[in-house]
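Since every read-out is calculated from the coordinates, none of them should be taken as a lab result. Given the structure is predicted, the values throughout are model-derived calculations rather than measurements. Counting neighbours? That spans all protein chains shown, and the Cβs are built from the backbone with ideal geometry, glycine included.
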Amino acid sequence: MKEKLIRGYKKSFNEQPQLLYFSPGRVNIIGEHIDYNGGKVLPMGISLGIYGAVTFKKGTKCRLVSEGFAHEKIFEFDLNEFSESNDFTKYVKGVIYVLRKYKNAKIDCGFDLYMTTTLPPASGLSSSAALELLISHILNDKFNLGLSNLDCVLMSQAAEREYAHVNCGIMDQFAIGMSEENKVILLDCATINYEYFDFKLDGATLVIINTCKPRALADSKYNERRAECESVLEVLKAKYGKETLCEYTMDELNSIKDSIADNLYRRAKHAITEELRVEAATKAMASGNLKELGLLLNASHKSLKEDYEVTGLHLDVIASELQKSNIVLGARMTGAGFGGCAICLVNSTNKDEIDKLMNSVNDIYYTKTGIHFKYYYCESSDKTGILK
Ligand code: GLA
């Protein structure tokens, strides 16, 4: 990959790059759509990621080439007078914007940046957070901003919210900026306390399945779900006073059921029950009870489908067809949904057997959706940093 990255950079900018970086994508094992409800989540950094080669320049011009996002076209902007854009450069500009706003960063020399990726863009594996973390680290190192890994996480999240206008939680940026090889992170999003667990699947394999369905309208639907949760929280809070949705019990939610719309009830029900599934899944993983973990994955998908309504045909076909197989322990969507990716815990390490399963489900998927999915074996990765 290093050679490919350097070659790509040289082809675009006719010189040798100064610095090379890597930023992983993420999957979330369980705990979906609850990071912004004060819940716990169980994500990990994955070996699919974004590779960046950069050279800082005199002057204030920035030139960006992204093989993954925009097929080798050169995008340009000036550090001192950039405006909002609707392409991948918004994540780069967003990080510059928040570093100046919150860290008083003096970012006064431009750069040439070439990126290549193994992380499929807009597929629900957090390519935008991976890019934000990549830029945060590059700028932190170059301009000696003195930011910790956690600061880079928080700045990246701020860029996504304030500049890319997706009111996201902390999970993606945290998973990418704090991940460790062979570990899953249990993150309490209310307190930002976290623990690492071994990513150990004795005799089993985690597979990532990419629906390859473009995630149209995903951002606005995401913001809509968030607002729905906030409106239920307001009612609960007026009665019980607790600060986040995931702190409530089903009994408490049921006590206000008649005063809220049915869809709002179901959104909150998902959040409250998903939090319980994360706790159970963490125990199941720690004790090596993969059968139990699989059942929790299935239950999570069902809740996201029926109560949270963020799955859709493509993810539902994949999850339900995989769940029928007797070598599958569990399957669910991962990330924001509305297309994007699913994960599947297979009770086998035999790649031929897993390939056979995936191919047969892909045939059914094609007849039901008219497209094929892609799949990848999930491997963990270390956090964003200089490419080793
Ligand atoms: C997106 C957001 C995260 C999280 C997930 C759903 O990936 O960026 O903050 O809310 O959706 O769990």
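Numerical summary
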| quantity | calculated |
| --- | --- |
| Kyte-Doolittle mean at least -1.0, axial Cα span of 30 Å or more - DSSP H helices of the chain | 218-240, 262-286 |
| Simple spin-label estimate for Asn350 and His165 in nanometres, 7 Å along Cα-Cβ | 5.2 |
| Sequence of Ile386, Ile96 once ranked by neighbouring C-beta atoms within 10 Å, starting from the fewest | Ile386, Ile96 |
| Residue (of Leu245, Ile208, Thr118) at the positive-pole extreme of the chain, dipole from beta-carbon charges | Thr118 |
| Spin-label pair Thr367/Glu243, simplified geometry with 7 Å Cα→Cβ offset, distance in nm | 5.3 |
| Greater than 22 Å apart at Cα, pairs in Lys283/Lys324; Lys4/Lys388; Lys324/Lys356; Lys2/Lys183; Lys305/Lys351; Lys200/Lys356 | Lys283/Lys324; Lys2/Lys183; Lys305/Lys351; Lys200/Lys356 |
| At 1.002 mPa s and 20 °C, Stokes D of the chain from Kirkwood alpha-carbon radius, µm² per second | 100 |
| Förster radius 35 Å - calculated FRET efficiency between Leu276 and Lys388, Cβ distance, rounded to 0.05 | 0.35 |
| Amide H within-cut-off set for Leu329, under 5 Å, with H built and near neighbours excluded | Leu345, Val346, Asn347 |
| Order of Thr89, Thr369 - criterion: other Cβ atoms within 10 Å of each residue's Cβ, fewest first | Thr369, Thr89 |
| Anchor Lys57: lysines whose Cα lies under 18 Å away (excluding residues fewer than 8 positions away in-chain) | Lys10, Lys11, Lys93, Lys106, Lys142 |
| Dipole magnitude (debye, nearest 20) for the range 151-251, charges at Cβ of Lys, Arg, Asp, Glu | 400 |
| Helical mean residue ellipticity (222 nm; -39500 (n - 2.57) per DSSP H run of 4+; nearest 500) of the chain | -14000 deg cm²/dmol |
| For Gly49, residues with placed amide H under 5 Å, excluding near neighbours | Gly25, Thr118, Leu119 |
| Convex hull projection area averaged over all views, the range 252-294, Cα basis, nm² | 3.4 |
| Long-range amide H partners of Lys40 with built H, under 5 Å | Cys189 |
| The range 57-133: GluC sites (Glu not before Pro) in DSSP loop, at most 14 other beta carbons within 10 Å | Glu72, Glu81, Glu84 |
| For Met155, Met333, Met178, order by how many other beta-carbon atoms lie within 10 Å, fewest first | Met178, Met155, Met333 |
| Centroid-to-centroid separation of the range 344-375 and the range 198-263 [C-alpha atoms, Å] | 28 |
| Rel. contact order, % - alpha carbon contacts under 8 angstrom, at least six apart, the range 199-348 | 33 |
| Computed FRET value (nearest 0.05) for Ser287 with Lys58, which takes r as the C-beta separation and R₀ as 51 Å | 0.30 |
